[in-house]
Amino acid sequence: NAGVTQTPKFRILKIGQSMTLQCTQDMNHNYMYWYRQDPGMGLKLIYYSVGAGITDKGEVPNGYNVSRSTTEDFPLRLELAAPSQTSVYFCASRPGQGAASSPLHFGNGTRLTVT
Amino acid sequence: LAKTTQPISMDSYEGQEVNITCSHNNIATNDYITWYQQFPSQGPRFIIQGYKTKVTNEVASLFIPADRKSSTLSLPRVSLSDTAVYYCLVGGQSSARQLTFGSGTQLTVLP
């Protein structure tokens, strides 16, 4: 099992550009999450999904969009990149309903710089 | 959503036992307490999880008092490689959907 895979590992964007951060998991987990982590800070929840076709906002959703067409994939879209979105982005998953005590499995992150 | 409070930083020496306490006053009945470890440039990694009393695994122990309003992560005989940020996370059946992290505790182990 690869676990949670994020691509790309690094990306530099110019202000106003758009991009999609990819996240896929091969553990058949229902719940998936996107977090951002600014330097020296904790993780902030951007969006989460409890299953295919279902997504909801977290603490800091502005400037981002997500979709969940399959159980495996949970891409994060930045439409108009801004310097404030410079951060490290982590995707995570867990089994979900019926396994509420199960821990999160994290990917290795995508380091994004917007200049 | 249960909010957590932890010390911002702690220092220790190699070979000592380290205890990190997390406060979660509004924990819900169905919530579990989970601790994660994060090294620089990596995603958080699961350490231990518990619901009440004491849980022990090969790397740590977790102590949870009867009122469950706090929890203590105990790392026995720390080494330099235990230098990391430690996060306490509270969630469960009632809040399974949103899992929000606190600020974490930066543990620095000194030689």
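The values are calculated or read from the model by the stated rules, or taken from the named source; none is laboratory data. Here the structure is a predicted model, which is why all the values come from computation and not from measurement. All Cβ positions, even for glycine, are placed from backbone atoms using ideal geometry, and neighbour counts span all protein chains on display. With ligands, DNA and RNA removed, areas are computed over all heavy atoms of the protein, side chains included. Shrake-Rupley method; radii C 1.70, N 1.55, O 1.52, S 1.80 Å.
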Mind listing whichever residues of the stretch A:3-17 are assigned to a loop (DSSP other than H, G, I, E, B) and either among the aromatic types (Phe, Trp, Tyr) or open to solvent by less than 50 Å² (accessible area, probe 1.4 Å) (or both)?
A:GLY3, A:PRO8, A:GLY16
When every residue in the stretch A:65-115 that is open to solvent by less than 20 Å² (accessible area, probe 1.4 Å) and part of a loop (DSSP other than H, G, I, E, B) is compared, the one farthest from the other protein chains (Cβ to nearest Cβ) is A:ALA81
Residue check: is A:LEU45 within 14 Å of another protein chain (Cβ to nearest Cβ), under 17 Å from B:GLN42 (Cα atoms), touching a strand residue (DSSP E or B) at 6+ places or on another chain (Cβ under 9 Å) and touching a residue at least 40 places away in the same chain (Cβ under 8 Å)?
no
For the stretch A:21-59, which positions are open to solvent by less than 60 Å² (accessible area, probe 1.4 Å) and in a loop (DSSP other than H, G, I, E, B)?
A:MET27, A:HIS29, A:ASP38, A:GLY42, A:ALA52, A:GLY58
Restricting to the stretch B:45-95, what's the tally of residues that are outside any strand (DSSP E or B), of a type outside the set (S, T, N, Q) and under 20 Å from B:LYS3 (Cα atoms)?
7
Which of the numbered conditions does A:GLN17 fail, given that it passes all the others? Conditions: (1) under 20 Å from B:GLN42 (Cβ atoms); (2) in contact (Cβ under 8 Å) with a residue 12 or more places away in the chain.
(1)
Out of all the residues in the stretch B:30-56, which are within 12 Å of another protein chain (Cβ to nearest Cβ) and polar (S, T, N, Q)?
B:ASN30, B:THR34, B:GLN37, B:GLN38, B:SER41, B:GLN42, B:GLN49
So for the stretch B:59-71 (the condition being open to solvent by less than 90 Å² (accessible area, probe 1.4 Å), free of Cβ contacts under 8 Å to residues at least 40 places away in the same chain and of a type in the set (Val, Ile, Thr)), does at least one residue qualify?
yes
Go through (1) out of contact with any Phe, Trp or Tyr (no Cβ under 7 Å at 6 or more places or on another chain); (2) without any contact (Cβ under 8 Å) to a residue 12 or more places away in the chain; (3) within 13 Å of another protein chain (Cβ to nearest Cβ) and name the single condition A:GLU59 misses.
(2)
State which residue is farthest from the other protein chains (Cβ to nearest Cβ) when the search covers only the stretch B:9-18 and only residues that are assigned to a strand (DSSP E or B) and exposed (fewer than 14 other Cβ atoms within 10 Å of the Cβ).
B:TYR13
